[in-house]
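Accompanying notes for the structure given below.
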Amino acid sequence: MTFFDVKNLTVKFGGLTAVDNVSFGINEGEVFTIIGPNGAGKTTLFNLISRLYTPSAGQIIFRGEDVTRLSAQQIAGRGIARTFQNIELFESASTLQNLLVGRHRHSTTRAWQDILRTRKVRDEEVAHRRAAEEVMDVLRLQRYRDTTIGALPYGVRKVIEVARALCVGPTLLLLDEPSSGLNVEETNAMAEWILEINRRLRITVLMVEHDMSLVSRVSNRVLALNYGKMMALGTAAEVQGHPDVIAAYLGA
Amino acid sequence: MAHHVRTDYGDSDPLFPSKAAMFWYAVLLAGLIAAPYMIESYYLSQLVFIMIYAIVGVALNILSGQAGQVSIGHAAFLAIGAYFTAVAQKHGVPLVLYLPLAGVFTGIAGYLVGLPALRLHGIYLAIATLAFAFIVEEIIARWESVTNGNEGLMLPPPSLFGLKLGTEGFYYLCLLVTVLVILAAINIIRSSTGRSFMAIRDSETAARSMGIDTARYKTTAFALSAGITGIAGALYAHKMSFISPEMFSLSVSIDFVMIIIIGGLVSLRGAVFGAIFMIMADPLLIILKDKVPLWSDALTHALYLPDSVTAAIQAGVLRVVNAPGLKSLIFGIIIIVFIIHEPMGLDGRWLRVKAYFKQFPLARQRAARPPRMFLKSERR
């Protein structure tokens, strides 16, 4: 049984086939990266996997379960968490609040229990808080704990989004362009954290990324897309040397 | 300045931010308990109205401030709670039963209104809630066998465990309900449910990706908000002791929205501030209406203006203060001023004043401002 499988995935928007018959498998513990020029369908593929879009055809299998027809919130419940290319944090809330939202799938209390703030609610709050603090520990975010997201710089927000995804307690983490908008130091730090998340927390990572130095540094395998179709699949070096990939990037 | 050092995860979101806050809230509560023996009956009555409006303000804060869903039809929920109360009381249901049931019944109505809200956003949702308010008003006017139509319903004074509640008794009932509603709202906001509301307000896409069932939480927000408004409706019916459909018109819904805009959308304190403003603005305007002609009269005499000019000015002043719709105009201007200059409402103003005294004499104007917000698209 493979950990995560995408089989013949296709999505059409009107006459445009944004993702065209894409198939690949991810092994547990891997860092798997999708690259491709702008408009190649990388983010669309991400949105299909996290079920914000519905595929026209094909299947997504996660740990032996067909998750193609689940809703976005059920996907999170299965332990697949994601970040967004343009950052979708809750901007009026503090860092801690954002991370606690990430813990949502672990909370079992109902609204009436929350109103009465029963013993169970209080115990769960403490557990959520502890989990959020542990994630902040790993990503060195303690100093931003009570700061409103709206007041934080972009680079920090990017890390907070990763932290929020980690709070979901994922077994598969989807990172949509983790280094976009980051400077060189921030990108280096991000690479370290991706490796740390992968090796120390043993979370399988699927990411979309443009920065090839970051890609070759962290990825076990790379998939190149162009116009929604698969061009090449292999190690970073293999894919980078592939004639179709060179042609797509240089426009030859 | 005081900084709170937190020592365990349990007190990360305490009911009171500090011991001092707890003390001052206790003082406030003591003052409110003593109020019937200290202030005139007119002001006691205004206090009851403030509490009823504050309850509605809290309800709207949960729906609009926390969950980000617009409603300009909350008068309908107030009406449902009020008519439920009138009918239940007529059939001999005791107060301890019909007061919470008014909340439950209105909450169910709110849940049903919340269902179309799943597909509607912003202005479209506002229109849908508006339509709902008109429908409820119309149903109440036409369903004469139960509601007595446009002639309205009289309510006998409320009684608790066989004892008739007088003015003071009813005041204490309102105080108790207000405190309980605020406590419930605080608990909701600092819980997983409240965070889910916040997530839906700020980014629905992200909320779904975090595993939040947005449909469930939107309807929950509507049901909770409507339920709380229904309880306010029950108190309102008793306070007025007569209810008729035109008491729950569009302008009442607009008043409710004004409570949270003027008070401040984000905090519960704002809902209370807004309620105080909305209730006290009326008597204040009435006083001004009497005083302004006297002032202008005194002023023109002090300036030794010719009699013809004095008479002209006086006539003009009287025309302005007696002009129909002047109140709406003033309220409209106030709303515009608040949206432009104080989007965080009276509560934002309050926080700044507090920050000033906390940092005295080091306070600087800019320091109390909310931090600069970066636009989402500023850096890519």
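The values are calculated or read from the model by the stated rules, or taken from the named source; none is laboratory data. Here the structure is a predicted model, which is why all the values come from computation and not from measurement. Positions of Cβ are generated from backbone atoms using ideal geometry, with glycine treated the same way; all protein chains shown enter the neighbour counts.
Pairs meeting the criteria (first residue in the range B:354-370 and of a type in the set (D, E, K, R), second residue modelled with pLDDT under 75, beta carbons under 9 Å, at least 6 apart or on different chains) are B:354/B:368; B:358/B:1; B:358/B:2. Of the conditions (1) in contact with a Phe, Trp or Tyr (Cβ under 6 Å, 6 or more places away or on another chain); (2) at the interface with chain B (Cβ under 9 Å from one of its Cβ atoms), residue A:176 fails just one. Which one is it? With respect to (1) in contact with a Phe, Trp or Tyr (Cβ under 6 Å, 6 or more places away or on another chain); (2) at the interface with chain B (Cβ under 9 Å from one of its Cβ atoms), residue A:176 is out only on (2).
Can you confirm whether the range B:63-79 contains a residue that is of a type in the set (Phe, Trp, Tyr) and either at negative phi or outside the structural domain of residue B:234 (by TED's automatic domain parsing) (or both)? Walk me through it before giving the result.
As a first pass, look at the range B:63-79 and keep what is of a type in the set (Phe, Trp, Tyr): B:77.
Subset that is either at negative phi or outside the structural domain of residue B:234 (by TED's automatic domain parsing) (or both): B:77.
Yes, that holds for at least one residue.
Given the condition within 12 Å of chain B (Cβ to nearest Cβ) and within 29 Å of residue B:224 (Cα to Cα), answer yes or no: does some residue in the range A:181-198 qualify? Checked against the condition, which is being within 12 Å of chain B (Cβ to nearest Cβ) and within 29 Å of residue B:224 (Cα to Cα), the range A:181-198 yields no hits at all. Answer yes if at least one residue in the range B:182-191 is over 27 Å from residue B:9 (Cβ atoms), within 7 Å of chain A (Cβ to nearest Cβ) and surrounded by 19 or more Cβ atoms within 10 Å (Cβ to Cβ), and no otherwise. There is no residue in the range B:182-191 that is over 27 Å from residue B:9 (Cβ atoms), within 7 Å of chain A (Cβ to nearest Cβ) and surrounded by 19 or more Cβ atoms within 10 Å (Cβ to Cβ).
Can you spot a residue in the range A:62-69 that is in the same structural domain as residue A:186 (by TED's automatic domain parsing), within 17 Å of residue B:213 (Cβ to Cβ) and under 20 Å from the mean Cα position of the chain (by Cα)? Yes, there is a match, as at least one residue in the range A:62-69 is in the same structural domain as residue A:186 (by TED's automatic domain parsing), within 17 Å of residue B:213 (Cβ to Cβ) and under 20 Å from the mean Cα position of the chain (by Cα).
Apart from one condition, residue A:154 fits all of (1) facing chain B (nearest Cβ under 9 Å); (2) of a type in the set (Phe, Trp, Tyr); (3) buried (at least 19 other Cβ atoms within 10 Å of the Cβ); the exception is (3).
With respect to residue A:86, is the statement that it is within 11 Å of another protein chain (Cβ to nearest Cβ) and either more than 21 Å from residue A:167 (Cα to Cα) or surrounded by fewer than 17 Cβ atoms within 10 Å (Cβ to Cβ) (or both) true? Considered against the rule, which asks whether it is within 11 Å of another protein chain (Cβ to nearest Cβ) and either more than 21 Å from residue A:167 (Cα to Cα) or surrounded by fewer than 17 Cβ atoms within 10 Å (Cβ to Cβ) (or both), residue A:86 comes out as yes. In the range B:193-212, the qualifying residues are those that are touching a Ser or Thr at 6+ places or on another chain (Cβ under 6 Å) and among the hydrophobic types (A, V, I, L, M, F, W, C), and the one that is farthest from the other protein chains (Cβ to nearest Cβ) is B:200.
Looking at the range A:141-151 only, could you name the residues that are outside any loop (DSSP other than H, G, I, E, B), more than 8 Å from every other protein chain (Cβ to nearest Cβ) and either at pLDDT below 90 or surrounded by 19 or more Cβ atoms within 10 Å (Cβ to Cβ) (or both)?
Passing the criteria: A:144, A:149.
Given the residues B:97, B:78, B:15, which is the only one that is at pLDDT below 95 and assigned to a helix (DSSP H, G or I)? Answer to the selection: B:97. The single condition among (1) surrounded by fewer than 20 Cβ atoms within 10 Å (Cβ to Cβ); (2) in contact (Cβ under 8 Å) with a residue 12 or more places away in the chain; (3) over 22 Å from residue B:215 (Cα atoms) that residue A:14 does not meet is (2). Taken as a whole, the condition of being assigned by TED's automatic domain parsing to the domain that holds residue B:188, surrounded by fewer than 21 Cβ atoms within 10 Å (Cβ to Cβ) and of a type outside the set (Asp, Glu) applies to residue B:93. Which ones in the range A:11-42 are polar (S, T, N, Q) and touching an Asp or Glu at 6+ places or on another chain (Cβ under 6 Å)? Residue satisfying the conditions is A:33 alone.
Quick check on residue A:62: is it closer than 27 Å to residue A:13 by Cα, more than 9 Å from chain B (Cβ to nearest Cβ) and buried (at least 22 other Cβ atoms within 10 Å of the Cβ)? Working first, answer last.
Details: closer than 27 Å to residue A:13 by Cα: yes; more than 9 Å from chain B (Cβ to nearest Cβ): yes; buried (at least 22 other Cβ atoms within 10 Å of the Cβ): yes.
For residue A:62, the condition - closer than 27 Å to residue A:13 by Cα, more than 9 Å from chain B (Cβ to nearest Cβ) and buried (at least 22 other Cβ atoms within 10 Å of the Cβ) - is met.
Selection over the range A:114-134 of residues that are part of a helix (DSSP H, G or I), within 8 Å of chain B (Cβ to nearest Cβ) and either buried (at least 18 other Cβ atoms within 10 Å of the Cβ) or of a type in the set (Ser, Thr, Tyr) (or both) gives a count of 7. Criterion applied to A:228, A:169 was being in contact with a Gly (Cβ under 6 Å, 6 or more places away or on another chain) and either at pLDDT 90 or above or surrounded by 18 or more Cβ atoms within 10 Å (Cβ to Cβ) (or both), and the one residue passing it is A:228.
Hey, any hits in the range B:228-244 for a residue that's within 14 Å of chain A (Cβ to nearest Cβ) and modelled with pLDDT of 90 or more?
Looking only at the range B:228-244, we keep the residues that are within 14 Å of chain A (Cβ to nearest Cβ), and these are B:228, B:231.
Narrowing the set further to residues that are modelled with pLDDT of 90 or more leaves B:228, B:231.
There is at least one residue in the range B:228-244 that is within 14 Å of chain A (Cβ to nearest Cβ) and modelled with pLDDT of 90 or more.
Do we have residue B:54 as in contact with a strand residue (DSSP E or B) (Cβ under 9 Å, 6 or more places away or on another chain) and surrounded by 24 or more Cβ atoms within 10 Å (Cβ to Cβ) here? Here the answer is no, as residue B:54 does not meet what is asked.
Per-residue answers, yes or no, for (1) within 14 Å of chain A (Cβ to nearest Cβ); (2) at pLDDT 65 or above; (3) touching a Leu at 6+ places or on another chain (Cβ under 7 Å); (4) outside any loop (DSSP other than H, G, I, E, B):
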position: B:332; (1), (2), (3), (4): no, yes, no, yes
position: B:340; (1), (2), (3), (4): no, yes, no, yes
position: B:351; (1), (2), (3), (4): yes, yes, no, yes
position: B:357; (1), (2), (3), (4): no, yes, no, yes
position: B:361; (1), (2), (3), (4): no, yes, no, no
position: B:372; (1), (2), (3), (4): yes, no, no, no
position: B:380; (1), (2), (3), (4): yes, no, no, no
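Given (1) surrounded by fewer than 22 Cβ atoms within 10 Å (Cβ to Cβ); (2) among the β-branched types (Val, Ile, Thr); (3) touching a residue at least 60 places away in the same chain (Cβ under 8 Å); (4) within 8 Å of another protein chain (Cβ to nearest Cβ), where does residue A:138 come up short, assuming only one miss? Failing condition for residue A:138: (4).
For the structure I just gave you, tell me whether residue B:266 is within 14 Å of another protein chain (Cβ to nearest Cβ), more than 15 Å from residue B:56 (Cβ to Cβ) and surrounded by fewer than 22 Cβ atoms within 10 Å (Cβ to Cβ). It is true that residue B:266 is within 14 Å of another protein chain (Cβ to nearest Cβ), more than 15 Å from residue B:56 (Cβ to Cβ) and surrounded by fewer than 22 Cβ atoms within 10 Å (Cβ to Cβ). Quick check on residue B:57: is it in a helix (DSSP H, G or I), over 21 Å from residue B:241 (Cβ atoms), in contact with a Gly (Cβ under 7 Å, 6 or more places away or on another chain) and away from every other protein chain (no Cβ under 14 Å)? Yes; evaluated as a whole, the condition is true for this residue.
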